[in-house]
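A.B. asks: What follows is a structure written as structure tokens; I'll ask about it next.
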Amino acid sequence: QILNVWNGLALQTDGQTPATVTLATPSTDPRQQWQLGFQAIYPKKGLADYAWDWATVGASWNYDWSPNPVSNNLPASVVFSPMQWNGAGIGSLPQYYPSWHSNPKPVSLLGFNEPDQTGQADMTTTNCIALWPQMEATDMPLVSPATSWAFDGWLADFYTQASNSGLRVDY
């Protein structure tokens, strides 16, 4: 059981797929039984694109600037990390939820790619903040937008607006 220390309630699933999890009075109900798996070493080496000799590189994750893998040739040891490249097509994210949530590997949704570049996502912080709730709706760990320039103020403005708006950014 996983108990909330503040109210004493337990997490309980409805047993459906996808599951809805709620808080309930602790009981012997099997829907309150959870198994947690821990990984001692979290693999951090990843690659962009899909044309790699995976065994040589030893990467454990991959992304290709899209919400679904361009290549179906990823080895079983490599997890695909989806990305919302810019604001286009963000409304289609719900179609990917089932596969993202059923993957036993750690999956996180990468934020907008180089929004501070006109040749890339080319988005203002205000645009990104307006779209971020749709990213949160995926119920995935969220990685902040990846800017081209770390110190041009874009990312600092994004984090300030996200904080002021109560938005979640996990990494």
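The values are calculated or read from the model by the stated rules, or taken from the named source; none is laboratory data. Source: prediction; values computed, not measured. Every residue, glycine among them, receives a Cβ derived from its backbone with ideal geometry; neighbour counts consider all protein chains shown. Please note that ligands, DNA and RNA were not included when accessible areas were found on the heavy atoms of the full protein model with its side chains. Shrake-Rupley method; radii C 1.70, N 1.55, O 1.52, S 1.80 Å.
A.B. asks: Before we move on, is PRO104 touching a helix residue (DSSP H, G or I) at 6+ places or on another chain (Cβ under 6 Å), under 27 Å from MET135 (Cα atoms) and outside any strand (DSSP E or B)? Break it down stepwise before answering.
C.D. replies: Working: touching a helix residue (DSSP H, G or I) at 6+ places or on another chain (Cβ under 6 Å): no; under 27 Å from MET135 (Cα atoms): yes; outside any strand (DSSP E or B): yes.
It is false that PRO104 is touching a helix residue (DSSP H, G or I) at 6+ places or on another chain (Cβ under 6 Å), under 27 Å from MET135 (Cα atoms) and outside any strand (DSSP E or B).
A.B. asks: Further question: Could you look through the stretch 48-67, keep only residues that are assigned to a loop (DSSP other than H, G, I, E, B) and modelled with pLDDT under 85, and pick out the one that is farthest from the chain's Cα centre (by Cα)?
C.D. replies: Among those residues, the one meeting the criterion is ASP53.
A.B. asks: So how many residues does the stretch 118-147 have that are open to solvent by less than 40 Å² (accessible area, probe 1.4 Å) and in a loop (DSSP other than H, G, I, E, B)? Don't jump to the end; show me each part of the working.
C.D. replies: Of the stretch 118-147, the ones open to solvent by less than 40 Å² (accessible area, probe 1.4 Å) are 121, 123, 125, 128-129, 131-132, 135, 138, 140, 142-145, 147.
Filter again for in a loop (DSSP other than H, G, I, E, B), leaving 121, 123, 138, 140, 144-145, 147.
So the answer is 7.
The rows are residues; the columns are (1) at negative phi; (2) open to solvent by 50 Å² or more (accessible area, probe 1.4 Å).
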residue: GLY46; (1), (2): yes, no
residue: ASP49; (1), (2): no, yes
residue: TRP54; (1), (2): yes, no
residue: ALA59; (1), (2): yes, no
residue: PRO75; (1), (2): yes, no
residue: PRO82; (1), (2): yes, no
residue: PRO94; (1), (2): yes, yes
residue: SER99; (1), (2): yes, yes
residue: SER102; (1), (2): yes, yes
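A.B. asks: When you go through TRP54, TRP34 one by one, which is the residue that is farther than 17 Å from MET140 by Cα and in contact with a strand residue (DSSP E or B) (Cβ under 7 Å, 6 or more places away or on another chain)?
C.D. replies: Among TRP54, TRP34, only TRP34 is farther than 17 Å from MET140 by Cα and in contact with a strand residue (DSSP E or B) (Cβ under 7 Å, 6 or more places away or on another chain).
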